[in-house]
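Asker: Take this structure first; my questions come after.
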Amino acid sequence: MILRNKSTMLPRRTVLRGILGGAAIALPLPRLVGMLDGNGTAYADGSPLRPRYLTWFFGNGAEPAHWVPTAAGVGDAWAPSPALMPLLEFKPWLSVLSGYDVKVPQLYAHKSAPSAVLTGAQAMQNGDVQRASIDQIIAPIMNADTAFPGGLHVGISDVTGAGALDFNISFVGPNAPNPPNYSPASLFNTLLALSGTVEPDPSLFRRKAILDAVSADAAALRAKLGAEDRIRLDRHLEGVGQLQSQIDATIIGADCGMPTDPDVAYPERGPDGAITRGRCEAFAELLTFAFSCELTRVATHVFSCAACHAPYPEAGLGQVTFHEDYGHRLSPMGTDFGTAGFRTGVEYTMGCLAELLRRFRDTPDGVGNLLDNSLVYVTSCVGQPWDHRMDDYPLLLAGKAGGLVRGDVHFRSPGDNASRVPFTVMKVFGGPDATFGAGEGMVDSGIPELLV
Amino acid sequence: MSRRLLSSRAPLLALALVPSFACYSGLTATAEGEGPGDGGTDLTGADSGDDPGGDSGDGAELLEVDPPTMRRLTRAEFTHAVHDLLGAVTMPMVEADSVHEGFFSVGAARVALSPAGVASYELALEAATAQAFNDPSDAATLVACMPSGPADTACIRESIAAFGRRAWRRPLDADEVDRYVAIAEEVGGETGDGVQALRHALWGLLQSPYFLYRVELGSPSAPDGGRLKFSSHEMASRLAFTLWSTLPDEALLDAADADELASAEGIRSQVDRMLADPRARQGVANFIGELYSLWKLDEKTKDPDAYPVWTPTLQAAIRDEMIARIEHVVFDAPTDFFSLYDGREVFVNNELAALYGLPAAVPDDFRLETLPEGDPRRGLIGSALLLAMNSLPARTSATERGVFISETLLCKTVPPPPPNVDVDLDDDGDGGPVEHQTLRDKLEPHVSNPACAGCHNLTDPLGLALEHFDTTGRYRETDLGLTIDASGDLDGMPFNDAAELAVLLREHPDAPYCLVKKLYTYSAGRAPLLVEDGLLATIEGELTDGDNRFDALLVSMITHDDFRFANPAGTVVGVDQGDGQ
């Protein structure tokens, strides 16, 4: 059906909603008007708001001597390490896990380890993964009723890392990545359309008609395909279905205000793909908006990909390759210089993470704030990078997941399996599986010390 | 020299696997990844099986071959195709390609599009069709018939059928035409605008999987032993994307309509015309761009203080030069492709001429020049592009340069570094600024440490031969005052410098084989199987018979049976693993 009358005294959205009429809308956006209780602290039926999940990944690892807090314990018993000092103000929400080792054999530098901490299993030698990443285990549980069922996926640096996992940290399975979006401007446009603050265009119905035709083509094609291609085509159809749902959501309109326009707020943020604080801030604003509005409850944020070769100019580290000069300490200025530069780079990276956590903390959500109701899993592609270590791995959680995670803890468990961290995350979000990972990376128990 | 062809395409279910990986020289297992030590090894015959490390086993290997898969148009193919259909429109980027086996074209046959990727196509094609239809008089040149109004259904139907045939590389059936006519009718009814009605129908046709994927699956052919035979229309698509990196033209589709492309003879009847078409340059450039990973030039930074010469205009010139060199030997003055490997002909503007030590010219045209006899710069490995692409921001990289030569030109395998290796090469004990050493001295631990030597001996000696060229590709007599030793050996053949290495590369017996293998991988969308070694040898022979001309290689590649047939699902092939390990 197509809207024929473009001139109407009724608000356009009202008209368009009427056209949607009694059609089954598969998208019960929680943040529509009337979906929350009178105080906006819970859903209208009284149930608490659902927690949000985000994987925050940075390439090139961390040095245990710089990353791991000196003392372990809860509350005043521990203090952030130098690497984590940019996160000091969020200490009540931090859970630092140290001493954990990646147990899968390091067959492929910068591939085996990130695959293990994201999926619990060994990488494939082409740099792909064998299993779904933790965000894609959580998405079907938490996110199916949102505008982005597979989550939102953003990235800061678009510089390659020697082919390790390509640029990706989110995988539905082998050969099925969710590549990051490097453009805050494009994400803004997408979120703006869903925000309910702009009048929807009647042409939305034209898009729906086209997508229906594309779906019909795909259905006819599917019958001719082998098993591998059917999986790929089905994933394509998921994307078509997501677009159709988003059109419905745009017509209905959310009730979340307007997202921050990165071109207005951060015009000097640098080109898409560059490592700048401004780009971290722009994406932090947009992810906060998307989480707050529950346009998605799952997201990933790649600061830099595994073994990323980008420079960190804003950190005062010049235009040289951070991976090479500092991660591998191959600077002509020597190893001390390399070590110091590496530490500077990691602290700069945590500063970018702080931009996200600050906005989460400062955004009311339910009876608390968005950081209270989120869990951010922070990790990397390697431990101490200059010898490609996989022990005492950088593993950090931020947020309290709606009160399930206690926070303000440094828990040290030397030699333990790093997969227990994503296993714990999976269980916090209600994952039914009894185990996480495969082979040497598989675990069947979490870390109760992190939980309330 | 041992040659064994081992596939890393996963179409294979290894029923018995060969021994697990180690560092092998001279084998032809494929390697993924681009960086030193970050490449992968594949001696298992599968790069995406459940056994990433390989398994132990001996004797014969039985492998089950997957049927052909759809191939998503790569970003380049998508752009070329849209430009063919709609003119030189601009579009937002669509989802990134994935590199498998060193090629986007292989990733395109394997990797699924994400939901965000589907949205990126809708957005890109909305922009493309809006631009193309912004001026109806321009749009009229793109379609068979421009509707006089929304009720001009016959005209709209004609345009949809014609545009769809071109975009989908086959005639649409009646239901398909009806489906998109219905869109036009709805939009026409809403807007009263026949042009917009047609534009929306075309926007839809271009979002269809029949446009976005190369659906070339073949059908079982009893006269051919049950093998899958590609139809004439599938062949039109295969020919066009292989030779032109874009859609078939009307002539090719007409030949397909007449079922003339199902035979080698029918294909040969198209080849001369296709290779003479300007789009053949686009096709060869796309292959070279993927083979040499030219896309990475965009992310190559150089220390601006140390190398102010590294300007955007220089980067554009060195990219243009590589394509010009290729086009020169393939199209403009067709000759032995491997003359590229040790040739002295370069293409420069004044900025690049300065880098190459050549005089400026007036006017500053992009021009063919010949480096003087005795110039240390020679061949592909002397091109600024390959020297700069395989270097670090402030330094050269013997390892990256060596990996390029070993893997890309000679198809050797360079495995990843062993676990927990300490890669500190500059550690002189006190942690302070390092006394300058030549790169050869710095890399000495690669030779003295057995854990490093096995693989770095494949790469470093070749890369060190290029030490007379800095990270931008500019010649230097010394390295900060230290004497450069550029000597080494390639598979037992000694050389004194880069120019001598260039000659050895041209003469290397594996060079033709490697080029054949790379082009096969690119065109097939998968690495060749072990059992296809004989086929590659045949093509290599035809390349030799064709005086090593690249057009001869292309003709051979697209006229052999394997280009017209594929193995059906469940085909099991046996591979003798008895030698070459």
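Asker: Pick from B:201, B:256, B:285: which is within 17 Å of residue B:172 (Cβ to Cβ), away from chain A (no Cβ under 14 Å), part of a helix (DSSP H, G or I) and touching a helix residue (DSSP H, G or I) at 6+ places or on another chain (Cβ under 6 Å)?
Answerer: Exactly one of B:201, B:256, B:285 is within 17 Å of residue B:172 (Cβ to Cβ), away from chain A (no Cβ under 14 Å), part of a helix (DSSP H, G or I) and touching a helix residue (DSSP H, G or I) at 6+ places or on another chain (Cβ under 6 Å), namely B:256.
Asker: Taking the condition of being more than 28 Å from residue B:407 (Cα to Cα) and of a type in the set (S, T, N, Q), how many residues in segment B:251-292 meet it?
Answerer: Summing the residues that are more than 28 Å from residue B:407 (Cα to Cα) and of a type in the set (S, T, N, Q) in segment B:251-292 gives 3.
Asker: Suppose we filter segment B:369-402 for residues that are in contact with a Ser or Thr (Cβ under 9 Å, 6 or more places away or on another chain) and of a type in the set (Val, Ile, Thr); how many remain?
Answerer: Count: 2.
Asker: Which pairs turn up if I take residues in segment B:93-104 that are more than 9 Å from chain A (Cβ to nearest Cβ) and more than 15 Å from residue B:521 (Cα to Cα) and look for partners that are buried (at least 24 other Cβ atoms within 10 Å of the Cβ) and among the basic types (Lys, Arg) with beta carbon separation below 9 Å, at least 6 apart in sequence or on another chain?
Answerer: B:97/B:72
Asker: Being over 22 Å from residue A:374 (Cβ atoms) and either modelled with pLDDT of 95 or more or among the β-branched types (Val, Ile, Thr) (or both) narrows it down to one of A:79, A:83, so name that one.
Answerer: Numbers: A:83 fails: over 22 Å from residue A:374 (Cβ atoms).
Every option except A:79 fails the conditions.
Asker: Report yes if some residue within segment A:244-259 is farther than 23 Å from residue A:146 by Cα and part of a loop (DSSP other than H, G, I, E, B); otherwise report no.
Answerer: no
Asker: Within segment A:387-437, how many residues turn out to be out of contact with any helix residue (DSSP H, G or I) (no Cβ under 7 Å at 6 or more places or on another chain) and in a helix (DSSP H, G or I)?
Answerer: Selection size over segment A:387-437: 7.
Asker: Something else now. In the set A:164, A:147, which member is touching a helix residue (DSSP H, G or I) at 6+ places or on another chain (Cβ under 6 Å) and at pLDDT below 95?
Answerer: Going through A:164, A:147 in turn, just one is touching a helix residue (DSSP H, G or I) at 6+ places or on another chain (Cβ under 6 Å) and at pLDDT below 95: A:147.
Asker: Do we find that residue B:211 is over 20 Å from the mean Cα position of the chain (by Cα), within 14 Å of chain A (Cβ to nearest Cβ) and closer than 17 Å to residue B:560 by Cα in this structure?
Answerer: no
Asker: What about residue A:98, is it touching a Pro at 6+ places or on another chain (Cβ under 8 Å), away from chain B (no Cβ under 14 Å) and among the hydroxyl-bearing types (Ser, Thr, Tyr)? Show your work before the answer.
Answerer: On the way: touching a Pro at 6+ places or on another chain (Cβ under 8 Å): yes; away from chain B (no Cβ under 14 Å): yes; among the hydroxyl-bearing types (Ser, Thr, Tyr): yes.
Spelling it out, residue A:98 is indeed touching a Pro at 6+ places or on another chain (Cβ under 8 Å), away from chain B (no Cβ under 14 Å) and among the hydroxyl-bearing types (Ser, Thr, Tyr).
Asker: Go through the residues of segment A:384-403 one by one and say whether even a single one is away from every other protein chain (no Cβ under 14 Å) and surrounded by fewer than 22 Cβ atoms within 10 Å (Cβ to Cβ).
Answerer: So far as segment A:384-403 goes, yes, one or more of its residues are away from every other protein chain (no Cβ under 14 Å) and surrounded by fewer than 22 Cβ atoms within 10 Å (Cβ to Cβ).
Asker: So residue B:318 ticks every box in (1) among the aliphatic types (A, V, I, L, M); (2) buried (at least 21 other Cβ atoms within 10 Å of the Cβ); (3) within 13 Å of another protein chain (Cβ to nearest Cβ) but one. Which box is left unticked?
Answerer: Among (1) among the aliphatic types (A, V, I, L, M); (2) buried (at least 21 other Cβ atoms within 10 Å of the Cβ); (3) within 13 Å of another protein chain (Cβ to nearest Cβ), residue B:318 violates only (3).
Asker: Which ones in segment B:164-177 are more than 10 Å from chain A (Cβ to nearest Cβ) and either of a type in the set (D, E, K, R) or surrounded by fewer than 21 Cβ atoms within 10 Å (Cβ to Cβ) (or both)?
Answerer: Selection gives B:165, B:166, B:169, B:170, B:171, B:174, B:177.
Asker: A follow-up question, please. Name the pairs whose Cβ atoms lie under 6 Å apart, with the first residue in segment A:111-136 and farther than 20 Å from residue A:179 by Cβ and buried (at least 24 other Cβ atoms within 10 Å of the Cβ), the second modelled with pLDDT of 90 or more and among the β-branched types (Val, Ile, Thr), and 6 or more positions between them or separate chains?
Answerer: A:112/A:104; A:113/A:102; A:113/A:382; A:116/A:102; A:116/A:104; A:122/A:104
Asker: Ok, one more. What number of residues in segment A:425-452 are among the hydroxyl-bearing types (Ser, Thr, Tyr) and farther than 17 Å from residue A:115 by Cα?
Answerer: Let us first name the residues in segment A:425-452 that are among the hydroxyl-bearing types (Ser, Thr, Tyr), namely A:435, A:445.
Adding the requirement that they be farther than 17 Å from residue A:115 by Cα leaves A:445.
Residues that pass the stated criteria total 1.
Asker: Please report, ordered by residue number, the helices (runs of 4 or more DSSP H) entirely within segment B:88-182 with at least 1 residues that are at pLDDT 95 or above and closer than 19 Å to residue B:241 by Cα.
Answerer: Those helices (runs of 4 or more DSSP H) span B:104-107, B:153-168.
Asker: Just a yes or no: is a residue in segment A:257-279 buried (at least 24 other Cβ atoms within 10 Å of the Cβ), in contact (Cβ under 8 Å) with a residue 40 or more places away in the chain and in contact with a Gly (Cβ under 9 Å, 6 or more places away or on another chain)?
Answerer: Yes; the residues of segment A:257-279 include at least one that is buried (at least 24 other Cβ atoms within 10 Å of the Cβ), in contact (Cβ under 8 Å) with a residue 40 or more places away in the chain and in contact with a Gly (Cβ under 9 Å, 6 or more places away or on another chain).
Asker: I would also like to ask the following. State all residues of segment B:211-226 that are surrounded by fewer than 18 Cβ atoms within 10 Å (Cβ to Cβ) and touching a Ser or Thr at 6+ places or on another chain (Cβ under 8 Å); if no residue qualifies, say none.
Answerer: Correct list: B:219 only.
Asker: Can you name the residue in segment A:166-198 that is among the hydroxyl-bearing types (Ser, Thr, Tyr) and part of a loop (DSSP other than H, G, I, E, B) and is also surrounded by the most Cβ atoms within 10 Å (Cβ to Cβ) among such residues?
Answerer: A:170
Asker: While we're looking at this one, here's another question. Only one of these is surrounded by 18 or more Cβ atoms within 10 Å (Cβ to Cβ) and free of Cβ contacts under 8 Å to residues at least 60 places away in the same chain: B:532, B:540. Name it.
Answerer: Among B:532, B:540, only B:540 is surrounded by 18 or more Cβ atoms within 10 Å (Cβ to Cβ) and free of Cβ contacts under 8 Å to residues at least 60 places away in the same chain.
Asker: Continuing with this model, one more query. Scan segment B:270-283 and report the pairs whose first residue is under 14 Å from residue B:557 (Cβ atoms) and whose second residue is of a type in the set (S, T, N, Q), with Cβ atoms within less than 6 Å and a gap of 6+ or a chain change.
Answerer: Cβ pairs passing all conditions: B:283/B:245.
Asker: Let me ask you something else. Starting from segment A:155-168, keep only residues that are over 15 Å from residue B:293 (Cβ atoms) and within 9 Å of chain B (Cβ to nearest Cβ), then list their pairs with residues that are buried (at least 24 other Cβ atoms within 10 Å of the Cβ) and at pLDDT below 75 whose Cβ atoms are within a distance under 8 Å, requiring at least 6 positions of separation or different chains.
Answerer: Taking only residues 6 or more apart or on different chains, the pairs are A:164/A:109; A:164/A:127; A:164/B:33; A:164/B:38.
Asker: Any residue in segment B:293-309 that is away from chain A (no Cβ under 14 Å) and farther than 22 Å from residue B:401 by Cα?
Answerer: Looking for residues that are away from chain A (no Cβ under 14 Å) and farther than 22 Å from residue B:401 by Cα, one finds none in segment B:293-309, hence no.
Asker: Let me ask something else. May I ask you to list the residues in segment A:303-335 that are surrounded by 22 or more Cβ atoms within 10 Å (Cβ to Cβ), more than 8 Å from every other protein chain (Cβ to nearest Cβ) and either more than 20 Å from residue A:273 (Cα to Cα) or not aliphatic (A, V, I, L, M) (or both)?
Answerer: A:303, A:304, A:305, A:308, A:312, A:322, A:323, A:326, A:327
Asker: Further question on the same structure: Which of the residues spanning segment A:207-230 are within 21 Å of residue A:174 (Cβ to Cβ) and either more than 8 Å from chain B (Cβ to nearest Cβ) or surrounded by 17 or more Cβ atoms within 10 Å (Cβ to Cβ) (or both)?
Answerer: Within segment A:207-230, A:222, A:225, A:227, A:228, A:229, A:230 meet the criteria.
Asker: Among the residues of segment B:214-253, which ones are more than 21 Å from the chain's Cα centre (by Cα) and assigned to a strand (DSSP E or B)?
Answerer: Of everything in segment B:214-253, those that are more than 21 Å from the chain's Cα centre (by Cα) and assigned to a strand (DSSP E or B) turn out to be B:219, B:220, B:221, B:227, B:228, B:229.
Asker: Of the conditions (1) closer than 19 Å to residue B:67 by Cα; (2) assigned to a helix (DSSP H, G or I), residue B:556 clears all except one; give me its number.
Answerer: Every condition holds for residue B:556 apart from (1).
Asker: To continue, here is another question. Please find, within segment A:271-302, the residue that is nearest to the other protein chains (Cβ to nearest Cβ) out of those that are outside any loop (DSSP other than H, G, I, E, B) and among the charged types (D, E, K, R). Write out each step before concluding.
Answerer: Taking segment A:271-302 as the starting set, the residues that turn out to be outside any loop (DSSP other than H, G, I, E, B) are A:277-292, A:298-302.
Among the residues that remain, those that are also among the charged types (D, E, K, R) are: A:277, A:279, A:281, A:285.
Numbers: A:277: 19, A:279: 16, A:281: 22, A:285: 19 Å.
Result: A:279.
The values are calculated or read from the model by the stated rules, or taken from the named source; none is laboratory data. Since we're looking at a predicted model, the values are computed, not measured. Counting neighbours? That spans all protein chains shown, and the Cβs are built from the backbone with ideal geometry, glycine included.
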